[in-house]
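Participant: Take this structure, written in C-alpha cells, and hold onto it; I'll ask about it next.
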Amino acid sequence: MTVARWLSLGVPLLAVLAVGARERDRAARGAALLAFVAAGVGIAALHEVARTAGWYAFAPVDGAYRGMPVDLWIGWAVLWGPLPVLLRRLLPLPVALGLLLWVDVVAMPALHPLVHLGPHWLVGEVAGLLLVALPAQLLGRSGADRRRLRTRTLLQVGLFTALLLWFLPSLAFELGDGSWARLTGLNRTELLVLAQLALLTATPALAAVAEFATRGGGTPYPWDPPRRLVTTGPYAYLANPMQLSAVVLLLLTAAVTRSATLVLAAVSAVAFGAAVAGPHERHDLRARYGDSWLSYRRQVRDWWPRWRPYAPGPSAVLWLDDDCGPCAAIWRMLARRHPVGLRIRPARENDRVLWRAEYVGGDGHAQRGVAAVARALEHVHLGWAVVGWAVRLPGVAWLAQLVTDAMIAPPHPARPRGAPCPTPSSVSLTAPSPPSANTASRASPHGPSPLPRG
C-alpha cells in the first residue's frame, strides 16, 4: 500500500510540475492553482457522501483526513484540477473528462486493498466527475483564458463559500475543538435567525464581488483581478469588504459551534491580511493605478468603514419620473439625505423615453427599476447602502421588481408634468415592452431640477 500511495501522489505531481514549467502565463498558473483548491474541496465533500452511500472507502492508514489518505487526496485533486487546465489547449473539456474517467476506472480497482469499492462505485465516479471535476475545469479554464466572466465569478463565489462555511470549520473541528452537532441541534427559529444574520454579514462581500465583475471586469481571485480600480459599491465605504465579511462569518460560526480553533483561524486571517497579503496588495495596486489608488486609500480604511461614501470623479445620475407618486416620494427621501456624488433628474428630460427609473454611474454603468434606486441608496450613508446591497442580491432584486411592477408602479413612459401617474390596473397588458436594461443613457449636462411637489 505504501508504494501505491507514493505513486498516487508522485505521478500527478511530477506531471503537473513538468507541464506547469512550460506555462509562462501567470494568469493560467493562478487559474490552475484555483482549480486545485476547487478539486480538493470538492473531493473532500464527495468523500463524505461516498462514505454514507457506500460507493467506496479507504483502508485505515496513518496520514488520513476523516478516513481519506491525504496523499491520495492531493494526487486526486491534481488530476481533476490543475493538470487538465494546463493541458487545455491539447485536451478539450469533453476529452479531458473522458480521460479522467478512464484513469479512475483503471486505477481505483488497482488500488485494492487501499481502496475498497462498493457495488455502485461507478455511480460515485460519475457523480464526482460531474459535480467536482467539471466545475473545477470550468473555473480553471475560464480563468486561464480570461473568458466567461460571469461563469468564473459565480464558480468562485461557490468555491469560497464552501471553503469558508464548510471546509475550514470541518477542518477546525477535526484538528481542534467544536462540532457541527451544536449547529444542527438548534431549533427552526434559531436556525432562521442565524441564517438571516449570516446573509446580512455576507451581503457586503457579495455586493463587492458583483462590483468587481460589473464595474471592474474581474474577480476577487488575486490572479484574476479587476482591470479597473473599483471604488464604488462597498468599496466606497471600506477597502476590504470581502475580508471583513469572511472574518465575521468565521467568528459567527465559531460562536455557534463553540470552537476556539475557528476563533484562532479568524484572528490568523486578519494577521495574514495585515502583515502579508496587505502589503503585497498595496504594492500591486499602487503600481497599477498610481495616484488614483493613493487618493482612494487616503480616504478609505481597511477594516473600519466610512459613514458617508467616497465618491470621486463625475457624479452619478438617477432619472426619476418626478410627476409620479412613488418616484417623487423616492426623490424627496433621497434629496432630504443629501446623497454624495449623485444628481437626481426628471426622466422626461432624458434623451430617450424611460419606462423605469434609471441609474447611470459616472463610469457609464447603468441599472434600471428597483436596482437603480438601490444603487442610489449607496450614495446616502452606510445604513442605506447596506439596504441597497441587500435589495440587489440575486433573486431579491428580481422579486422586488416583480412586486413593484405588479402593485406599486408598473413600467410606463415618463410623461409631461401634470399627466396622471399610471397604476398597475391602468397599464394595458399589450403596452410595448420597456427597452433592455443594458443600454446606458447619457447624463444631462443641465443642473438638477427642483424637488417634486407634494
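The values are calculated or read from the model by the stated rules, or taken from the named source; none is laboratory data. Since this is a predicted model, take the numbers as computed values, not measurements. FYI the Cβ positions are ideal-geometry reconstructions off the backbone, even for glycines, and counts take in every protein chain you see. Remember, those area values only see protein heavy atoms, side chains included, never the ligands or the DNA or RNA. Shrake-Rupley method; radii C 1.70, N 1.55, O 1.52, S 1.80 Å.
Participant: Filter segment 236-252 for residues that are out of contact with any Leu (no Cβ under 9 Å at 6 or more places or on another chain) and farther than 30 Å from Gly178 by Cα and give the result.
Facilitator: Matches in segment 236-252: Ala236, Ala239.
Matching residues to (1) closer than 20 Å to Leu117 by Cα; (2) at pLDDT 95 or above; (3) among the aliphatic types (A, V, I, L, M):
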position: Leu13; (1), (2), (3): no, no, yes
position: Arg22; (1), (2), (3): no, no, no
position: Arg29; (1), (2), (3): no, no, no
position: Val41; (1), (2), (3): no, yes, yes
position: Pro60; (1), (2), (3): yes, no, no
position: Tyr65; (1), (2), (3): yes, no, no
position: Leu93; (1), (2), (3): no, yes, yes
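Participant: For segment 224-263, give me the residue count where each residue is part of a helix (DSSP H, G or I) and in contact (Cβ under 8 Å) with a residue 24 or more places away in the chain. Outline the logic, then answer.
Facilitator: Narrowing segment 224-263 to residues part of a helix (DSSP H, G or I): 233-236, 241-257, 260-263.
With in contact (Cβ under 8 Å) with a residue 24 or more places away in the chain added as a condition, the list becomes 233-236, 241-246, 248-250, 252-254, 256-257, 260-262.
Qualifying residue count, segment 224-263: 21.
Participant: Consider only pairs whose beta carbons are under 6 Å apart and that are at least six residues apart or on different chains; among these, list those whose first residue lies in segment 397-415 and is closer than 12 Å to Cys327 by Cα and whose second residue is surrounded by 14 or more Cβ atoms within 10 Å (Cβ to Cβ) and among the hydrophobic types (A, V, I, L, M, F, W, C).
Facilitator: Thr404/Val370; Pro410/Val427; Pro411/Trp355; Ala414/Ala347; Ala414/Leu354
Participant: Out of the residues in segment 314-330 that are touching a helix residue (DSSP H, G or I) at 6+ places or on another chain (Cβ under 6 Å) and not aliphatic (A, V, I, L, M), which is surrounded by the fewest Cβ atoms within 10 Å (Cβ to Cβ)?
Facilitator: Out of the qualifying residues, it is Pro326.
Participant: When Ala205 is evaluated against the numbered criteria (1) within 29 Å of Arg66 (Cβ to Cβ); (2) in a helix (DSSP H, G or I); (3) open to solvent by 50 Å² or more (accessible area, probe 1.4 Å); (4) not β-branched (Val, Ile, Thr), which criterion, by number, is the only one it fails?
Facilitator: Here Ala205 clears every test but (3).
Participant: Does any residue of segment 110-117 turn out to be touching a Lys or Arg at 6+ places or on another chain (Cβ under 8 Å), in a loop (DSSP other than H, G, I, E, B) and open to solvent by less than 20 Å² (accessible area, probe 1.4 Å)? Don't jump to the end; show me each part of the working.
Facilitator: The first filter runs over segment 110-117 and keeps only residues touching a Lys or Arg at 6+ places or on another chain (Cβ under 8 Å), leaving 114.
After this cut, where a residue has to be in a loop (DSSP other than H, G, I, E, B) as well, the list is 114.
Filter once more, keeping what is open to solvent by less than 20 Å² (accessible area, probe 1.4 Å): 114.
The answer is yes; a qualifying residue exists.
Participant: Among residues belonging to segment 291-304 that are hydrophobic (A, V, I, L, M, F, W, C) and in a helix (DSSP H, G or I), point out the one that is most open to solvent (accessible area, probe 1.4 Å). Break it down into steps so the answer makes sense when it comes.
Facilitator: So in segment 291-304, the residues hydrophobic (A, V, I, L, M, F, W, C) come out as 293-294, 300, 303-304.
Narrowing the set further to residues that are in a helix (DSSP H, G or I) leaves 293-294.
Details: Trp293: 18, Leu294: 45 Å².
Here the residue is Leu294.
Participant: Test each condition in (1) at pLDDT 90 or above; (2) surrounded by 13 or more Cβ atoms within 10 Å (Cβ to Cβ); (3) of a type in the set (Lys, Arg) for Arg288 and report the one that comes out false.
Facilitator: (1)
Participant: Residues of segment 49-64 being open to solvent by less than 80 Å² (accessible area, probe 1.4 Å) and part of a loop (DSSP other than H, G, I, E, B), which ones?
Facilitator: Gly54, Trp55, Ala59, Val61, Gly63
Participant: A further question follows. Could you please find all residues in segment 379-416 being at pLDDT 95 or above and part of a loop (DSSP other than H, G, I, E, B)?
Facilitator: Within segment 379-416, His379, Val380, His381 qualify.
Participant: Could you check segment 348-378 and list, in sequence order, the residues that are charged (D, E, K, R) and either assigned to a strand (DSSP E or B) or surrounded by fewer than 24 Cβ atoms within 10 Å (Cβ to Cβ) (or both)? Please lay out each step first, then the result.
Facilitator: Within segment 348-378, the first condition is being charged (D, E, K, R), and the residues that meet it are 348-349, 351-352, 356, 358, 363, 368, 375, 378.
Correct list: Arg348, Glu349, Asp351, Arg352, Glu358, Asp363, Arg368.
Participant: Right, something else. What do you reckon, is Ala311 surrounded by fewer than 23 Cβ atoms within 10 Å (Cβ to Cβ), part of a loop (DSSP other than H, G, I, E, B) and either touching a helix residue (DSSP H, G or I) at 6+ places or on another chain (Cβ under 8 Å) or modelled with pLDDT of 90 or more (or both)?
Facilitator: Values: surrounded by fewer than 23 Cβ atoms within 10 Å (Cβ to Cβ): yes; part of a loop (DSSP other than H, G, I, E, B): yes; either touching a helix residue (DSSP H, G or I) at 6+ places or on another chain (Cβ under 8 Å) or modelled with pLDDT of 90 or more (or both): yes.
Criteria met by Ala311.
Participant: Now for a different question. Given the condition part of a helix (DSSP H, G or I), touching an Asp or Glu at 6+ places or on another chain (Cβ under 9 Å), open to solvent by less than 50 Å² (accessible area, probe 1.4 Å) and within 30 Å of His381 (Cβ to Cβ), answer yes or no: does some residue in segment 266-273 qualify?
Facilitator: Within segment 266-273, the first condition is being part of a helix (DSSP H, G or I), and the residues that meet it are 266-273.
Adding the requirement that they be touching an Asp or Glu at 6+ places or on another chain (Cβ under 9 Å) leaves 273.
The next check asks that each one be open to solvent by less than 50 Å² (accessible area, probe 1.4 Å); those that pass are 273.
Narrowing the set further to residues that are within 30 Å of His381 (Cβ to Cβ) leaves 273.
Checking segment 266-273: at least one residue is part of a helix (DSSP H, G or I), touching an Asp or Glu at 6+ places or on another chain (Cβ under 9 Å), open to solvent by less than 50 Å² (accessible area, probe 1.4 Å) and within 30 Å of His381 (Cβ to Cβ).
Participant: Residue check, Val106 against (1) free of Cβ contacts under 8 Å to residues at least 12 places away in the same chain; (2) within 17 Å of Leu9 (Cα to Cα); (3) surrounded by 13 or more Cβ atoms within 10 Å (Cβ to Cβ), all met but one. Which one?
Facilitator: Every listed condition holds for Val106 apart from (3).
Participant: Also, I was wondering about something else. Is it the case, given these coordinates, that Leu130 is surrounded by 14 or more Cβ atoms within 10 Å (Cβ to Cβ) and in a helix (DSSP H, G or I)? Show your work before the answer.
Facilitator: Working: surrounded by 14 or more Cβ atoms within 10 Å (Cβ to Cβ): no; in a helix (DSSP H, G or I): yes.
Taking the combined requirement at face value, the residue does not satisfy it.
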